[in-house]
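> Okay, handing you the structure first.
The values are calculated or read from the model by the stated rules, or taken from the named source; none is laboratory data. Since this is a predicted model, take the numbers as computed values, not measurements. Cβ atoms come from the backbone with ideal geometry, glycine included; neighbour counts cover every protein chain shown. All accessible areas refer to the heavy atoms of the entire protein, side chains included, with ligands and DNA or RNA removed. Shrake-Rupley method; radii C 1.70, N 1.55, O 1.52, S 1.80 Å.
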Amino acid sequence: MYSSAFEHDGQPVVNITVFECYYRAITCLDRLFKQGLQFSPLNMKRLYLVEPVVALYAFSSFLIYPLVQQYVYRRLWQQLTNTTYPVSDNTSRCAPSNSSSNHTNFHKEVQKQASMFSLYSEVLSTVPSLIVTLLLVAYSDRGGRKITIIMPLIGTLIYTTTFLTVSFFELNVYLLIGSSFLSAMFGGISTFLGGCFAYIADLCQDDRQKTLRMAGVDMMIGLLSGLAAISTGYFLRAAGFNWPFLTSALCQCLILMYAVFILAETVKKTPANGSNLDGSPQRPGLRQLIFGLCQIFARASYRCKTVLALLMIIFTSFTFAYIGGISLVTLYELNEPLCWTEILIGYGSALSTTVFLTSFLGVSAFTYCGVPQLLIVVLGILSVASGLIMVAFAKTTVLMFLGEYKLLSYN
């Protein structure tokens, strides 16, 4: 039974690549989901409604997103200084105390270690996530959109439960880096949003309807993530780190159940008789996936190939720049000259997300006026760039709030 998993046409295959193993894992999970739905006791009508998944995902993610860097910072503070992290309602915790002349050096050392922790975590999660996103999205054209939604949900649940375990049992904080890599093997937020937007695109009749519905999803993400971010500071002060992580994990379990058992599939299943819906031969394993990726460029014109290549370069470079910059914002807010509390950090995170409402209104107005989508994308990139510049030189709370507002105002 175990050897048959490594056979093809009755012949044993020894040299199996990592991508082939990953592809087989994807197909097995996809087949398991579909078989589980066939024998599910929940005999109910499927819904073509992905918005509840996006809404709860945004709420559960931003319920812990502002807390991740704060938790790592406090744990590293305890390890490096052998003292309890100073909690205060004002900036007095950043001021040097009389009992310790190395107070400022402690802050610098902890910030340095926390930034290195963030670097390792982001690199080990972003790089695999981008690769997995490409593989899953290409597979979804044949295997269905739901796999690109369910897989990132599983990865996020693994990441959240690991945080809860490390926080509750006070395990080594560097275990979280391994958790970031493991969760990235299931995809990331780009995989999830790409799958959700592709799901919406399958249901829309024209470009205008598609743009407006996607902008509505953007607005939903901003409102619910902003509500979650505001509550994180008060949640942390009242109950500590464990309860927000537990609440987020429970929400993600609910999302996963909805996506598996209730959400309908928009892509027809590829026939099992050796041919696809378009009459082309069905290729097994990794060759089918590579063939799907090659067909994207093979069937396109020279102009489309150039546009696709540029889009991939822009997406990759923008993701690295944006993720790398936004991950350090909380560390900057915790130290001089801002010295924000958990309450202000929550409000700052909420401000950078609730402006998705402005994004929805802006995209709707631009679409109604006939502005090209490319120009809207350029405005979003310029907005993020200007926000990062303002955050980099922010010395006051007001300027920091303005920078975070600009950071996502057209994103």
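> Considering only residues of the stretch 97-126 that are over 14 Å from Leu76 (Cβ atoms), under 25 Å from the mean Cα position of the chain (by Cα) and open to solvent by 60 Å² or more (accessible area, probe 1.4 Å), which is modelled with the highest pLDDT?
Leu124
> Also: Consider Cys204 carefully, then state whether it is touching a Lys or Arg at 6+ places or on another chain (Cβ under 9 Å) and surrounded by fewer than 16 Cβ atoms within 10 Å (Cβ to Cβ).
It is true that Cys204 is touching a Lys or Arg at 6+ places or on another chain (Cβ under 9 Å) and surrounded by fewer than 16 Cβ atoms within 10 Å (Cβ to Cβ).
> Let me ask you something else. Scan the stretch 299-320 for residues that are open to solvent by less than 60 Å² (accessible area, probe 1.4 Å) and touching a residue at least 12 places away in the same chain (Cβ under 8 Å) and jot them down.
Answer for the stretch 299-320, where residues must be open to solvent by less than 60 Å² (accessible area, probe 1.4 Å) and touching a residue at least 12 places away in the same chain (Cβ under 8 Å): Leu308, Thr316, Phe318, Thr319.
> Given the condition in a loop (DSSP other than H, G, I, E, B), farther than 18 Å from Cys339 by Cβ, modelled with pLDDT of 90 or more and in contact with a Phe, Trp or Tyr (Cβ under 7 Å, 6 or more places away or on another chain), answer yes or no: does some residue in the stretch 50-60 qualify? Can you show your working first?
Applying the first criterion (in a loop (DSSP other than H, G, I, E, B)) to the stretch 50-60 yields 50.
Still in the list and also farther than 18 Å from Cys339 by Cβ: 50.
Then keep just the ones that are modelled with pLDDT of 90 or more; that gives 50.
Those left that are additionally in contact with a Phe, Trp or Tyr (Cβ under 7 Å, 6 or more places away or on another chain): 50.
Yes; the residues of the stretch 50-60 include at least one that is in a loop (DSSP other than H, G, I, E, B), farther than 18 Å from Cys339 by Cβ, modelled with pLDDT of 90 or more and in contact with a Phe, Trp or Tyr (Cβ under 7 Å, 6 or more places away or on another chain).
> Against the conditions (1) of a type outside the set (Lys, Arg); (2) open to solvent by less than 20 Å² (accessible area, probe 1.4 Å); (3) assigned to a loop (DSSP other than H, G, I, E, B), where does Phe186 fall short? Just the number, please.
Status for Phe186: all satisfied but (2).
> Same structure, new question: Take Ser352 and decide whether it is under 18 Å from the mean Cα position of the chain (by Cα) and either under 24 Å from Leu212 (Cα atoms) or at pLDDT 80 or above (or both).
Yes; evaluated as a whole, the condition is true for this residue.
> If you don't mind, another one. Going through the stretch 162-173 one residue at a time, which ones are more than 16 Å from Gln69 (Cα to Cα) and either open to solvent by less than 10 Å² (accessible area, probe 1.4 Å) or polar (S, T, N, Q) (or both)?
Selection gives Thr165 alone.
> Which of the following residues is at pLDDT below 70 and surrounded by 15 or more Cβ atoms within 10 Å (Cβ to Cβ): Gly346, Gly292?
Exactly one residue qualifies, and that residue is Gly292.
> Given Leu176, Leu250, which one is surrounded by fewer than 18 Cβ atoms within 10 Å (Cβ to Cβ), modelled with pLDDT of 85 or more and under 19 Å from the mean Cα position of the chain (by Cα)?
One residue alone meets the criteria, Leu250.
> Could you list all residues from the stretch 189-221 that are charged (D, E, K, R) and in a helix (DSSP H, G or I)? Walk me through it before giving the result.
Filtering the stretch 189-221 for residues charged (D, E, K, R) gives 202, 206-208, 210, 213, 218.
Across the stretch 189-221, the qualifying residues are Asp202, Asp207, Arg208, Lys210, Arg213, Asp218.
> Same structure again: If I filter the stretch 377-405 down to residues being among the β-branched types (Val, Ile, Thr) and open to solvent by less than 30 Å² (accessible area, probe 1.4 Å), which single residue comes out as farthest from the chain's Cα centre (by Cα)?
Applying the filter and picking the extreme gives Val391.
> I need the full set of residues from the stretch 232-242 which are surrounded by 14 or more Cβ atoms within 10 Å (Cβ to Cβ) and assigned to a helix (DSSP H, G or I), in order please.
Thr232, Gly233, Phe235, Leu236, Arg237, listed by residue number.
> Out of the stretch 253-269, which residues are touching a helix residue (DSSP H, G or I) at 6+ places or on another chain (Cβ under 9 Å), surrounded by fewer than 17 Cβ atoms within 10 Å (Cβ to Cβ) and modelled with pLDDT under 90?
Lys269
> Let me ask another. Go through the stretch 140-159 and give me each residue that's open to solvent by less than 20 Å² (accessible area, probe 1.4 Å) and of a type in the set (Ser, Thr, Tyr).
Matches in the stretch 140-159: Ser140, Thr148.
> Among Gly279, Gly274, Gly285, which is the only one that is at pLDDT below 75, at positive phi and open to solvent by 50 Å² or more (accessible area, probe 1.4 Å)?
Unique residue meeting the criteria: Gly279.
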